[in-house]
Amino acid sequence: MPLFPRLVAASAAAWHVYTRHEFVLRLAAGELPEACFRRYLVQDYLFLLHFARAWGLAVYKSDGLAEMRRAQRLVAATLDVEIGLHIDYCRGWGLTEARLQAEPEAAETIAYTRFVLDRGGAGDRLDLEVALAPCVVGYAEIAAERLADSRTRQNGNPYREWLDMYAGADYQSLAGEARAALDEQFASRGGEGRFPSLARNFALAARLEADFWQMGLDAQS
């Protein structure tokens, strides 16, 4: 069985809280207050900066040139494409690049990003990619699940573009590559003795992602 669904099954409670968080459900219904979404967008920009650092760490943690090149492509994609697209998307919500850069990191942003970097620094590339998987693969699964749900507001939903972005072919392909990379890393660096530790870290990462949604939702109060 591939590693990713095994990790999800071993972390079912935390995964459910993350992928079906009230933030996500209200976003899909088009009922999320705009202040909550803007708060999330700002913090997600700050998260992406650390995301790029994490893939930079993956270069260092790689064993061979092929692995290094894959990680380097992900660094470049994050710095040269994803962050730029995020900045453009944020402008549509009235958030300038200067505003994004000036905002301090929320405690929830610090918690998840530093956890990822700590797992990567203390462990190997498998530890790093498992810690990243709830974000990289999770967003693809959340968007696909919400768009397939009859309760999701398809027309006139101000957040439909966000759902389409993560449910789209480009991002789904990236998530598929991340799933395959987990299997490759587990085959070369794993062994069943490592699975309980990996599952614990995966569950913790999912919990920290749920806290990240809650941080956005708390902006309504």
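The values are calculated or read from the model by the stated rules, or taken from the named source; none is laboratory data. These figures come from a predicted structure and were not determined experimentally. Counting neighbours? That spans all protein chains shown, and the Cβs are built from the backbone with ideal geometry, glycine included. Accessible surface areas use protein heavy atoms only, side chains included; no ligands, DNA or RNA. Shrake-Rupley method; radii C 1.70, N 1.55, O 1.52, S 1.80 Å.
Keeping all protein chains in place and using 1.4 angstrom, which order do His50, His16 fall into by accessible surface area, from largest down?
Result of the area sort, largest leading: His16, His50.
Place a label point 7 angstrom from the Cα of Met1 along the Cα-to-Cβ direction, then list the residues of the range 173-193 whose backbone nitrogen is under 19 Å away.
Flagged as within label range: 179-187, 190-193.
Along Cα→Cβ, 7 Å out, is where each label goes; now give me the distance between the ones at Ile110 and Ala180 in nm to one decimal.
Going from the Ile110 label point to the Ala180 one covers 3.9 nm.
Using the alpha carbons of the chain, what is the convex hull volume per residue in cubic angstrom, as a whole number? Walk me through the numbers before you get to the answer.
Values: hull volume 26.4 nm³, N = 221.
Taking only Cα atoms, the chain has a hull volume of 119 Å³ per residue.
How far apart, in nm, are two points set 7 Å out from the Cα along the Cα-to-Cβ line at Ser173 and at Arg189?
Placing both labels 7 Å beyond Cα along the Cβ direction yields 2.6 nm.
To the nearest 10 degrees, how steep is helix 125-148 against the longest Cα principal axis of the chain, on a 0 to 90 scale?
Value to nearest ten degrees: 40.
Using 1/(1 + (r/R0)^6) with R0 = 25 angstrom and r between the beta carbons of Ala10 and Ala122, what's the FRET efficiency to the nearest 0.05?
About 0.75, to the nearest 0.05.
Classify the range 162-204: rounded, prolate or oblate, from the alpha-carbon gyration tensor (a ≥ b ≥ c, eigenvalue square roots; a/c under 1.5 rounded; otherwise prolate if a/b is larger than b/c)? Present the calculation step by step, with values, prior to reporting the outcome.
Details: a/c = 6.08, a/b = 1.96, b/c = 3.11.
Oblate shape, in that a/c is at least 1.5 and b/c is the bigger or equal ratio.
Rounded to the nearest 10 Å², what accessible area does Glu22 have for a 1.4 Å probe in the complete protein model?
For Glu22, solvent-accessible area is about 90 Å².
Please give the per residue accessible area of the range 1-78, computed with a probe of 1.4 Å over protein heavy atoms only, in Å².
44 Å²
With all protein chains present, how much of the accessible area of the chain (probe radius 1.4 Å) comes from carbon and sulfur, to the nearest whole percent?
With neighbouring chains kept in place, the figure for the chain is 54 percent.
At a Förster radius of 30 Å, what calculated FRET efficiency corresponds to the Cβ-Cβ distance of Arg69 and Tyr89, to the nearest 0.05?
0.60
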